[in-house]
Structures are given as structure tokens and as C-alpha cells.
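Trainee: Attaching a single structure in C-alpha cells format; questions to follow.
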Amino acid sequence: MISAVTCPAGQHLRALTHMVSGVQSVHVTSPNFLTRCPAPHQEGWGILFSHPRDFTPVCTTELGRAAKLAPEFRKRNVKMIALSIDSVQDHLSWSKDINAYNGEQPKEELPFPIIADANRELAVKLGMLDPDEQDKDGMPLTARVVFIFGPDKKLKLSILYPATTGRNFDEILRVVDSLQLTAYKKVATPVDWKPGDSVMVAPTLPDEEAKKLFPKGVFTKDLPSGKKYLRYTPQPE
């Protein structure tokens, strides 16, 4: 388990400043998350996700679910790191509530670190602030943002939820499965795909090459247009 105390925001600022420009672009280079905080492995994947405030109901349920799913992300070689504008001490105290919510011992530890971005340094640079959600002083809070990075240190996916809507971390796990599969296989995942379901052959792949790459077979759905673009194959190993 990891203590949240190891992650004051200033330590990460230098590693993250090069994300300021065009952070939504899939070609942007990701942070290395150097310093004392456990980092995404050089060969692995990383998730950075922010939440509005500690000690709030929706955020507690979100980080509780993220903690429950941490072993599943770890199996996929994905390291997680959270962020909010609260202090290190708040993160530590709130971690007890999150663990208690999960029915576990109320310890000051979670399976991932939480960055204490009290001065909003990283949130501003990464475009994570929600201008419609403000604290008692009128300062904007961090939105429910998710950034997923690949082993090449490039941003693969970004998600933005409003403060009133909690994220589905099971869906984020499903997205990771899709990203990892399609990063190495010439396939795409259709709507509502789950691991083990059939996948779609990439439209740029010629039929003859597809037959060689997918020995389990390629199945084409007949359509009124006569176009053969709906090509399915069992999920490759």
C-alpha cells in the first residue's frame, strides 16, 4: 500500500510542465512521474485522474472503487495516480474514510498516491479545473478528469466528467483492455465490447493479410450497401 503523504504537487511540476500545450492531443508526451511517488513503469501504462475535493460523497465512492480495482489495473501493468487541490494531511485523513467506505481498516494508505495540488499548479497547467465548480473562496475546483498514457509516454485517452457525475472505473478498466489490445493487434473493439468478445478487423487491413493474421477466421456481415467493412474475428491472443 502507498501513503498519500509522498506526493506534494511541486515535486511533479517539472516533469509535467511539457504537457501544458495541447494536453488533449493524442500525440502529446506524458509525464514520467519521477520523484518519491511510485511511478508508471518505463515499460508500462499510467493513469492520472483528478477529483474535485476530499471528504465529498461522490469522490469518496470513486476513489473507493478505484482502490478496489487497483489489483486489476496492476495485472495490466497500469500504475495509477490521483490528484486534487487538497492538502497532504487531508489526503491522509480522507484515505481512512475511503478504506472504511470499502469495508476495510481505516488506514492512511491507498493502493495509489494522491498528488496534493493545493496551489492548483498542475491543475492549471493540465487543464483540469472546472470553472463552474468553485470552493467557498470562489476558486475553481478540479474536474473529474482521466488521462491514460501508453508505454510510449503518449496520451492515449482523456475523459472529462462534471463534478455531479461519478466516473465508472469498471469502464476505465475496459478501455485499458481495449487500448492495450488494439495497440499491438490490427483490430478495433466495437460498441459494448468486453474482453473475450469478437473484435473488428482494422478497415485499413486488406482481406488477404487479414486471413493470414487471424487464423481463427474473419467473418463479414452482409449489408445493403454491399460494402464489406464489417469484418469480425475472435479476439486474438
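Quick note: the coordinates plus some simple rules give every number you see, no bench work behind them. Everything numeric here is computed off the predicted structure, so don't read it as measured data. All Cβ positions, even for glycine, are placed from backbone atoms using ideal geometry, and neighbour counts span all protein chains on display.
Trainee: Name the strands (runs of 3 or more DSSP E) wholly inside the stretch 154-237 in which the number of residues that are over 30 Å from T142 (Cα atoms) and in contact with a strand residue (DSSP E or B) (Cβ under 7 Å, 6 or more places away or on another chain) is 2 or more. Working first, answer last.
Mentor: Numbers: elements: 155-161, 199-201, 231-233.
Per the criteria, 199-201, 231-233.
Trainee: Here's a check for you: in the stretch 67-92, which residue that is out of contact with any Pro (no Cβ under 7 Å at 6 or more places or on another chain) and β-branched (V, I, T) is nearest to G44 (Cα to Cα)?
Mentor: The extreme case among them is V78.
Trainee: Next question. Can you give me the ranges of the strands (runs of 3 or more DSSP E) entirely in the stretch 42-116 with at least 1 residues that are over 23 Å from L141 (Cα atoms)?
Mentor: 45-50, 78-84
Trainee: Go through the stretch 137-153 and report how many residues are in contact (Cβ under 8 Å) with a residue 60 or more places away in the chain and part of a loop (DSSP other than H, G, I, E, B).
Mentor: Just the residues of the stretch 137-153 that are in contact (Cβ under 8 Å) with a residue 60 or more places away in the chain, to begin with: 141-151, 153.
Keeping just the survivors that are part of a loop (DSSP other than H, G, I, E, B) gives 143, 150-151, 153.
Number satisfying all stated conditions: 4.
Trainee: Can you tell me which residues in the stretch 191-208 are free of Cβ contacts under 8 Å to residues at least 12 places away in the same chain and surrounded by 13 or more Cβ atoms within 10 Å (Cβ to Cβ)?
Mentor: Scanning the stretch 191-208 gives no hits.
Trainee: While we're on this one: Here's a check for you: in the stretch 86-126, which residue that is of a type in the set (V, I, T) and buried (at least 23 other Cβ atoms within 10 Å of the Cβ) is farthest from S50 (Cα to Cα)?
Mentor: Within the stretch 86-126, the match that is farthest from S50 (Cα to Cα) is I98.
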